[in-house]
Amino acid sequence: MTHLKQVPLAIALWVALSGSFQGQAQAVPTLPNANDPIVFNAPPPPSTGRPGRRADAGSRGCSGDETNASELTLTALVPTQVTASSTVVFGKTAAERPTFWFYVPYRSSSTATFVLQDQDGNSIYQSDMVLPETAGILSVTLPATSAPLEAGKLYHWFFKLYCRSTSPPDSFVDGWIQRESLPSDLTQQLKTATLPQQVRLYAAQGLWFEALSTAAEQRRANSGDSAWAELLRAIGLESVAGEAIVIP
């Protein structure tokens, strides 16, 4: 009889331990240290057939714009991925309506157009803008009125600079973006992470657009913060890291 009474006790103990192990398996991973180096884990590039163009081929702005021209060219602040046949301009996002960043060596009379298309070339969103008087970095965020990006799909974006009101553009850059769903563990981490930790989490996950936008938020809060420069250095764009953000 004593032996039979011990069986339910053993089963109860096993169930309790099993639940404890499951709880440990579901624990939220440790947050990164805010002072850790930022490591950007670039995702593998897609096969687009059209690799893109991160920097304009030599033009520094509009003719007659010598007073405001920069030594830098029109540049999209995005990663490039080298394949066997080309260099693909590509980055990932988790946002339905992400923010894109560009360095623009313009003059105030210039205008720009941002265009987003699906993989088949159908227009998703287009916005025209008048540019500020000085060269610098600006951002373009898809508005709430635009269709959200769908997870797993590729989208082709263009940023075109016009010195005159006629086409074609005097300068342009273009590349690709793909949305992916946030992993559940990352979602949990982000709920309690500080801005410096968020940058490191996004970068480690390969979510470039969130990493850079969060770093920009940090930079606005603390001009001495190094996350923005670290990220741009990681993708070979240290030359624009010190440029002013003129349209956040």
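Laboratory data are not the source of any read-out in this text; all were calculated from the coordinates shown. Worth saying up front: this structure is predicted, and the values here are computed from it rather than measured. Note that each Cβ is placed from the backbone with ideal geometry, even for glycine, and that neighbours are counted across all protein chains shown.
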Can you put S127, S223 in order, fewest other beta carbons within 10 Å first? S223, S127
Gap in Å between the Cα centre of the range 181-248 and the Cα centre of the range 71-134? 18 Å
Calculate, in nm to one decimal, what N222 and I245 gain on full extension: separation in residues at 0.36 nm each, minus their alpha carbon distance. 6.9 nm
5 Å is the cut-off here: which amide hydrogens, built 1.01 Å from N in the peptide plane, fall below it relative to T141, excluding neighbours closer than 5 in sequence? F100
Placing +1 at every Lys and Arg Cβ and -1 at every Asp and Glu Cβ, with all other atoms neutral, what dipole size does the range 75-247 have around its Cα centre, in debye to the nearest 20? 140 debye
With the convex hull built on the Cα atoms of the range 80-212, state its orientation-averaged projected area in nm². 9.9 nm²
